[in-house]
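Trainee: Pasting in a structure now, in structure tokens, and then I'll have a few things to ask.
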């Protein structure tokens with residue numbers, strides 16, 4: 001999997017899953033043990049740490065303590081976005097409450113999947129068990145997993161399932177949060193609280209990456225650094241119309257009187273519009289702003305030249 005899958009721009013995909021709402025299917029979809037049913041022992045090959053390339057029985061290791069189990073049937077941005085969000089919330093700080101979390105990768109080629117898993121292990125907290133299934137793409141037979149779903153998420157305690165989620169389009173919802181919180185005796189955070197945390201985390205990562213990049217004073221190949229930061233606020237897919245309007249005003253104020261910055265903005269928005277990919281940038285409100293700027297600033301890049309050609313008229317007007 002390409003490393004950019006987990007980049008900051010890729011990380012913005014995490015925000016999508018935080019706002020997706022569950023849509024009712026015509027028929028319920030099931031995968032894995034249902035609430036009240038036993039969580040049978042099964043074997044995986046450990047990916048890292050003390051269990052690296054060793055046989056591991058996760059259920060046995062848990063010893064009846066609260067567990068969260070992810071079975072990966074497909075490998076998508078939303079699948080990993082959900083897993084990363086939940087593992088950041090419910091590991092390390094919750095380990096003292098006995099919570100055990102495992103990610104199980106299903107594949108018809110376990111050896112190849114092991115190589116891949118060892119490359120992506122750094123994206124998950126160290127106290128999360130990563131394992132490659134020893135039972136192929138079908139997973140442990142006793143679990144009755146559904147290959148037609150993208151991710152099976154199981155929550156359990158005392159060796160039994162307390163909640164089961166068969167996710168076709170993985171998206172974080174309050175039911176998942178409540179189910180995990182219940183097995184460790186805590187009040188579940190709300191989606192809004194997690195969304196705020198994720199936004200803060202994304203901002204920190206952006207700032208860190210920005211500091212690592214060489215800063216440019218003008219609109220060179222990397223563009224105007226401050227304009228870059230302002231534009232990210234504009235095209236945030238989670239921004240409200242009011243936030244988009246505020247971001248647009250800040251950008252217009254910033255480029256006012258800065259010929260290089262204005263030309264940089266004109267170049268960017270014109271390129272986006274001409275590419276036919278405006279719909280990929282931010283919300284409809286942001287897309288409307290981009291189209292407007294493409295018309296406004298592309299024409300205005302010649303304005304300084306016209307003013308310089310008639311300085312005497314300008315002096316009279318003053």
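Trainee: Can you tell me which residues in region 288-300 are modelled with pLDDT of 90 or more and buried (at least 19 other Cβ atoms within 10 Å of the Cβ)?
Mentor: The answer is 289, 290, 293.
Trainee: Next question. Going by what's in this entry, would residue 245 be described as within 25 Å of the chain's Cα centre (by Cα) and in a loop (DSSP other than H, G, I, E, B)?
Mentor: No, not satisfied.
Trainee: Another question, then. In the list 232, 221, which residue meets the criterion of being at pLDDT 85 or above, surrounded by fewer than 19 Cβ atoms within 10 Å (Cβ to Cβ) and not assigned by TED's automatic domain parsing to the domain that holds residue 65?
Mentor: Among 232, 221, only 232 is at pLDDT 85 or above, surrounded by fewer than 19 Cβ atoms within 10 Å (Cβ to Cβ) and not assigned by TED's automatic domain parsing to the domain that holds residue 65.
Trainee: Only one residue in 104, 132 is surrounded by 19 or more Cβ atoms within 10 Å (Cβ to Cβ), modelled with pLDDT of 95 or more and touching a helix residue (DSSP H, G or I) at 6+ places or on another chain (Cβ under 6 Å). Which one?
Mentor: Unique residue meeting the criteria: 132.
Trainee: Any idea how many residues of region 171-192 are within 25 Å of residue 76 (Cβ to Cβ) and not in a loop (DSSP other than H, G, I, E, B)?
Mentor: Residues meeting the conditions: 9.
Trainee: Listed residues 187, 122; which is loosely packed, with under 14 Cβ neighbours inside 10 Å, touching a helix residue (DSSP H, G or I) at 6+ places or on another chain (Cβ under 7 Å) and either over 30 Å from residue 225 (Cβ atoms) or assigned by TED's automatic domain parsing to the domain that holds residue 78 (or both)?
Mentor: Exactly one residue qualifies, and that residue is 187.
Trainee: Free of Cβ contacts under 8 Å to residues at least 24 places away in the same chain and either in the same structural domain as residue 63 (by TED's automatic domain parsing) or out of contact with any strand residue (DSSP E or B) (no Cβ under 8 Å at 6 or more places or on another chain) (or both): is that true of residue 138 in this structure?
Mentor: Criteria not met by residue 138.
Trainee: Which of the residues that make up region 122-165 are assigned to a helix (DSSP H, G or I), farther than 11 Å from residue 71 by Cα and within 26 Å of the chain's Cα centre (by Cα)?
Mentor: 122, 123
Trainee: Select from region 45-90 the residues that are in a helix (DSSP H, G or I) and closer than 16 Å to residue 160 by Cα and list them in ascending order.
Mentor: 58, 59, 60, 61, 62
The values are calculated or read from the model by the stated rules, or taken from the named source; none is laboratory data. For clarity, every value in this text was computed on a predicted model and none was experimentally measured. Backbone-built Cβ (ideal geometry, glycine too); neighbour counts: all protein chains shown.
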